[in-house]
Amino acid sequence: MQRKLTKGKKCKNCGNKFDQKRFGQVVCGFKCSIPYGKKLEEKRIAEKEKQERKRIQKEKQELKSLSELKNDLQPIINEISRLIDKDEPCISCQGSGKESAGHYWAVGGNDILRFNLHNIHLQCWWNCNKNKSGAPKEFIMGINKKYGAQYAQRLNQGLFEESRNLHFDRVMIKEAILKARNIKNELKKLDQTYSAENRIKLRDKYNKLIGIYT
């Protein structure tokens, strides 16, 4: 069956309607063909540059050390913790201020727990996280008050036992970065506040989904 030419087709350059004179015609005439061709060329170049940036980024990712990959993962994990604790006060002083992700067991001396969401709770940056070096005494008191003695005991002693056989490697952390990004985006879209019970459940859930603390 012979294809019919289109009448009243919309020009892809100026937007005006025209009647096709030949098959495949997408612009109304010569005056629009030149700028439309330039647009196509610019689009082709932009796409090529985009693919090149992706290639370079992929190569850089492949060359990153385990330490560099862990540093890439940490802020994503921190943000997940802050999103779980949305609208909660500082775990240590119960105040407000610039928010940070406070680690009960500091990253520097307890690397094995640095990504464990149970070890990370919303904390004010200036007063507790920075000036009081994480305010660990007030931190655990806040945990006990908000979540109960059993959970405080788990944080104070049990997390190390749960992670005693854990060893980081590049494949683990690279996969965790991808999973954690998806979780972060999901929580952002949900934009919800959660009860104390659900905040614990979410930390359990996302620890397992990220795949480090299973």
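The values are calculated or read from the model by the stated rules, or taken from the named source; none is laboratory data. All values reported here derive from a predicted model rather than from experimental measurement. Cβ: placed from backbone, ideal geometry, glycine included. Neighbour counts: every protein chain shown. Just the protein is used for accessible areas: all its heavy atoms, side chains included, with ligands, DNA and RNA removed. Shrake-Rupley method; radii C 1.70, N 1.55, O 1.52, S 1.80 Å.
Would you mind stating whether Q20 is touching a Leu at 6+ places or on another chain (Cβ under 7 Å), over 30 Å from I210 (Cβ atoms) and either hydroxyl-bearing (S, T, Y) or free of Cβ contacts under 8 Å to residues at least 40 places away in the same chain (or both)?
yes
Hey, E162 hits all of (1) in contact (Cβ under 8 Å) with a residue 40 or more places away in the chain; (2) within 23 Å of the chain's Cα centre (by Cα); (3) open to solvent by 80 Å² or more (accessible area, probe 1.4 Å) but one; which does it fall short on?
If we test E162 against (1) in contact (Cβ under 8 Å) with a residue 40 or more places away in the chain; (2) within 23 Å of the chain's Cα centre (by Cα); (3) open to solvent by 80 Å² or more (accessible area, probe 1.4 Å), just (2) comes out false.
Pairs needed: first member in segment 102-125, in contact (Cβ under 8 Å) with a residue 40 or more places away in the chain and closer than 17 Å to R82 by Cα; second member anywhere, open to solvent by 40 Å² or more (accessible area, probe 1.4 Å) and assigned to a helix (DSSP H, G or I); C-beta distance under 6 Å; at least 6 residues apart or different chains.
L122/R82
Consider D87 against the criteria (1) open to solvent by 30 Å² or more (accessible area, probe 1.4 Å); (2) at pLDDT 95 or above; (3) at negative phi: it satisfies all of them except one. Which criterion is unmet?
Of (1) open to solvent by 30 Å² or more (accessible area, probe 1.4 Å); (2) at pLDDT 95 or above; (3) at negative phi, only one is false for D87: (3).
Just the residues that are open to solvent by 20 Å² or more (accessible area, probe 1.4 Å) and without any contact (Cβ under 8 Å) to a residue 24 or more places away in the chain, please, taken from segment 142-155.
N144, K145, G148, A149, Q150, Q153
In segment 53-82, what residues are among the small types (G, A, S) and part of a helix (DSSP H, G or I)?
Answer for segment 53-82, where residues must be among the small types (G, A, S) and part of a helix (DSSP H, G or I): S67, S81.
Please verify whether I112 is open to solvent by less than 70 Å² (accessible area, probe 1.4 Å), at pLDDT 95 or above, over 19 Å from the mean Cα position of the chain (by Cα) and not basic (K, R), treating the condition exactly as stated.
yes
So the check is Cβ under 9 Å with 6+ separation or different chains; which pairs have a first residue in segment 193-205 that's farther than 18 Å from A149 by Cβ and a second one that's open to solvent by 70 Å² or more (accessible area, probe 1.4 Å) and part of a helix (DSSP H, G or I)?
What qualifies is Y194/K201.
Tell me, please, whether a residue that is surrounded by fewer than 13 Cβ atoms within 10 Å (Cβ to Cβ) and in contact with an Asp or Glu (Cβ under 8 Å, 6 or more places away or on another chain) can be found in segment 7-26.
Within segment 7-26, one or more residues are surrounded by fewer than 13 Cβ atoms within 10 Å (Cβ to Cβ) and in contact with an Asp or Glu (Cβ under 8 Å, 6 or more places away or on another chain).
Considering only residues that are hydrophobic (A, V, I, L, M, F, W, C), over 12 Å from S65 (Cα atoms) and open to solvent by 90 Å² or more (accessible area, probe 1.4 Å), which ones fall in segment 167-184?
L178
Return the residues of segment 120-138 that are open to solvent by less than 70 Å² (accessible area, probe 1.4 Å) and either among the small types (G, A, S) or closer than 16 Å to G97 by Cα (or both); say none if nothing qualifies.
Matches in segment 120-138: H121, L122, Q123, C124, N127, C128, N129, G134, A135.
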